[in-house]
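The block underneath contains the structure these notes are about, expressed in structure tokens.
The values are calculated or read from the model by the stated rules, or taken from the named source; none is laboratory data. The structure displayed is predicted, hence computed values, not measured ones. Cβ atoms come from the backbone with ideal geometry, glycine included; neighbour counts cover every protein chain shown. Only protein heavy atoms, including side chains, enter the accessible area calculation; ligands, DNA and RNA are left aside. Shrake-Rupley method; radii C 1.70, N 1.55, O 1.52, S 1.80 Å.
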Amino acid sequence: MNEEKTRAFPSIVDRRTFVGGATAFFTFSAYAGTSINVTNELSFWLQSEIDEPNWVANPDVTGELPQQFLKILTEFADFVSRRWEIRDQFPDFANLLNSDFFSYKTTERDSYLTEYVKCTYMIDTLAKHTNTRDEAHEILAFWDVEKEFSIKSRLGRFRKFFRDEVAYFLLSQGGFRRFAELKNYKGYHGGSFTEIPPPYRVIDG
Amino acid sequence: MTLGKVAIVGSGVAGATIADILLGNDAASKIVMFEAGNEVVMRDHRKWLDYITTGSLPYYWNEDDVTDASGTENFWVKGGRLMAVGGSTLHWGGWCPRFKPEDFFLKSNTERGLDWPFTYEDLTPYYVKAEQRLRVTGDGSRDDPPRHNEPYPVPKMPLAKKDGLIVNALENLGISSYGNLPIARSTSCQTVGSCAYCPVGGRYDASMDIQSNFETFELRSKSPVAEIIMDSKKKAYGLRYVDMNTGEHQQEEFDRIFVCGGSMESAKLLLSSRSRFWHSGLGNDTGHVGQHLSAHSLLRVTGQMPGNASFLQQELDFPTLECRHFDVPENQYKGKFYFVHDGRIGHYNITKKLLAGTMPAQIDEERASGTGFGLAGFMEEFAAPGSRIELASGKNRFGLPKTNIVYTTSDITKSAKLEWLEKMEKILRVAGVDRDFRIKNGNPRADHTVSLCRMSDSASEGVVDQNCKIHDCDNVHVVSNAVFPNLTAVNPTLTLVAVAIKVAENLSR
């Protein structure tokens, strides 16, 4: 591991610009459930393109994600897992995410460390202008959810590199059990097929 | 006897098998394995996590480039094979059906192609060893083709619940000879559902068998072989290869050479090895190298079944049910047919739905309202005369000649394809599928390409003899799907491994 790179923590890219120059555009007209309306200014900010590669930023910068950032991202994952009704499948949610997801994604190349830190700034910045942190989570996770945002945009990057990946991880690690009858799912270590009963539904099972 | 200094060209399943057996039986020999592609890290947790969360596979860049071959409008190369240490087994499905006795007598039975220079019974002991090598799971009590009570090395994988509706349909239609698909999944398989990149080595790939720790074995990746150099008509001197790290061409002497690349690359190497002894390419005095191109298309029928009270959904990443009812001698003249129930077809991707904003309750409703079913299979296809591969102008990324494919499907195969697709549709209808039918009559693919260096009793009819040695050349063998005289209806890999074991054991005995 490159010690120098590991210590060189990613910088805050655009927080100052955003907070200083655009505070006024956080006025939510209304939202309930997945029906979220945001102001034109916020929509513009979420969708505007930023100067980043099409892949994760600084993939060679590795290291464990500091606790304060872990907490912010875990809160987001907790929010979406409740919305998807899979949260009850995880008795040790935070530890699972940390040890089996964040740690692998940040300590080895291509590292998501910088990208995740930027995600925490996005959550924090939005949360300063919403009534609750979950309102910020709601926007980041579900606003205009059927639309595919550009990988160059703030929201597109957040969703591609964090929201989507954490969704696939959580479903594969047991979230699938929320959905009727399933005994196995892509990414789940179900066990050997030679066991009785096998780890999937069989003709006579 | 010792084989001396041995070159193996290609690190796929055939090359790995030959190397492994020679290392065990012939301690005095020195083996150098050449591979055009690079080493790919397999069984790595982070790479597996990336596959689960993003769908990206670490060997994607080892596929062909779309510009590597011409003539691909009706013959697909891209995605069919991999240039990497371990070859195409890095991405294979692992289906391991044996050929059937009649497959070795196509010429005698149909006047097409060529008979094999040995029989199913001759190959049977090597099939047993091949199943052990690939760690095949299956039902040893089934006797189609004959197993003589030989169990599989790994117990059978029980049929999935979703298979049940297809089994009922087969029974109703009087279709017999169905059962557990023989597939390369060892007992270490943890049904992780990510077979394209297995984190625990539950699915065999040839990189597992490449013994880099033997002192007498050397793997040279990123070293494509460009030519076999001849000393005389009967004896090869050695090889010319490219060290891609330096870009320099190197020449090296060997006592024996095994050409174990994929079908196309093996034939291309012989065609590229022109000399004053072999004007048209090594082994090509009678013009059979690169000819008789045959390959499988994937025939597929899918549809939707209304109602899904049991919430049937594929929970594994591979099929479990096969049917050989149409893979019988009476169908050989038009092309026998083999199919599986592929429960992955019509898979309902819950995660994708959630990410698209579908609420869990709505997902429950959609899952209960119906489910997708699909059958997929291969038939023994007959190409029109003149179907072949050729060296094309220009070089691929390895500095080897590009490929030109000349392929036309015969009329009898076109007709039989439609018949088999109709059979699959009928089975699905009897099973209860009644809407959204999709019928895919695909093109032949590079991964099951055969006959480009076919085995024969004499040089007048083919390229290699029953030991896969090039006719009239004493120290070059081709061990590849390319030597199969005909295609059959089933996947070729198990038979290739059986042939490789037979060749290696006979030579090192």
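Here is how the numbers come out for the structure above:
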quantity: Exercise: per-residue mean of other protein chain Cβ atoms within 10 Å, B:41-50; calculated: 3
quantity: Å³ per residue enclosed by the Cα convex hull of the stretch B:377-457; calculated: 162
quantity: Per residue Cα convex hull volume in Å³ - calculated over the stretch B:1-109; calculated: 201
quantity: Cα-Cα P(r), the stretch B:460-509, percent of pairs per 10 Å interval; calculated: 25, 54, 20, 1
quantity: Candidates per trypsin sites (Lys or Arg not before Pro) in the stretch A:111-177, loop by DSSP, up to 13 other Cβ within 10 Å; calculated: A:K128, A:K147
quantity: Projected-area mean, chain B, by convex hull of Cα positions, square nanometres; calculated: 23.2
quantity: Listed residues B:V192, B:T216, B:I229: farthest to the positive end of the dipole of the stretch B:189-231 (Cβ charges); calculated: B:V192
quantity: Qualifying GluC sites (Glu not before Pro) in the stretch A:82-170, DSSP loop, other Cβ atoms within 10 Å at most 14; calculated: A:E146, A:E148
quantity: Å² of accessible area per residue within the stretch B:431-477, as computed with a 1.4 Å probe and no ligands counted; calculated: 38
quantity: Kirkwood Rh, angstrom, the stretch A:93-178 [1 / mean 1/r, Cα pairs]; calculated: 13.9
quantity: Helix-derived mean residue ellipticity, 222 nm - over chain B, DSSP H n ≥ 4, -39500 (n - 2.57), to 500; calculated: -7000 deg cm²/dmol
quantity: Computed Kirkwood radius, in angstrom, where 1/r is averaged over Cα pairs of the stretch A:137-205; calculated: 14.4
quantity: Cα-based Kirkwood hydrodynamic radius, the stretch B:232-287, one decimal, Å; calculated: 12.4
quantity: From phi via Karplus (6.51, -1.76, 1.60), per-residue ³J(HN,Hα) for the stretch B:43-52 in Hz, x at Gly/Pro; calculated: 6, 10, 5, 5, 5, 5, 4, 4, 5, 5
quantity: Rounded to the nearest 20 debye, dipole of the stretch B:23-83 from Cβ charges on Lys, Arg, Asp, Glu; calculated: 260
quantity: Solvent-accessible area buried by A and B, counting both chains, probe 1.4 angstrom, square angstrom; calculated: 4200
quantity: Dipole magnitude of the protein assembly as shown, debye to nearest 20 (Cβ charges: Lys/Arg +1, Asp/Glu -1, about Cα centre); calculated: 460
quantity: Exercise: per-residue mean of other protein chain Cβ atoms within 10 Å, A:167-175; calculated: 5
quantity: Convex hull (Cα only) mean projected area of the stretch B:256-353, reported in nm² to one decimal; calculated: 12.1
quantity: Intensity falloff of the stretch B:53-147 expressed as log10 I(q)/I(0), Debye formula with alpha-carbon point scatterers, at q = 0.11, 0.15, 0.17, 0.20 Å⁻¹; calculated: -0.56, -0.90, -1.00, -1.05
quantity: Bins of 5 Å, starting at 0 and running to the largest distance - Cα pair percent for the stretch B:99-251; calculated: 2, 7, 10, 11, 12, 13, 14, 12, 9, 5, 3, 2, 0
quantity: Candidate lysines for bridging to B:K336, where Cα separation is under 17 Å - those fewer than 8 sequence places away on the same chain excluded; calculated: B:K100, B:K107, B:K414, B:K417, B:K423
quantity: Charge dipole magnitude, Cβ of K and R +1, D and E -1 - the stretch B:330-386, Cα centre, debye nearest 20; calculated: 140
quantity: Paramagnetic reach from A:K71 (point 7 Å along Cα→Cβ, amide N under 18 Å) across the stretch A:84-120; calculated: A:93-99, A:117-120
quantity: Sites matching GluC sites (Glu not before Pro) across the stretch B:1-88 that sit in DSSP coil, with at most 14 neighbouring C-beta atoms within 10 Å; calculated: B:E73
quantity: Cα-derived Rg to Rh of the stretch B:13-68, Kirkwood definition; calculated: 1.14
quantity: Extreme residue, positive dipole direction of the stretch B:204-288, given options B:N245, B:G287, B:G262 (C-beta unit charges); calculated: B:G287
quantity: Global size of the protein assembly as shown as Cα Rg and Dmax, reported in angstrom; calculated: 28.0, 86
quantity: Furthest towards positive pole of dipole, A:Y185, A:V202, B:T137, structure part the protein assembly as shown, Cβ charges; calculated: A:Y185
quantity: Square roots of five times the Cα gyration tensor eigenvalues for the stretch A:56-115, Å; calculated: 23, 11, 10
quantity: Simple spin-label estimate for B:E111 and B:E505 in nanometres, 7 Å along Cα-Cβ; calculated: 3.8
quantity: Karplus-derived 3J(HN,Hα), 6.51/-1.76/1.60, for each residue of the stretch B:6-11, Hz, glycine and proline x; calculated: 10, 9, 10, 9, x, 10
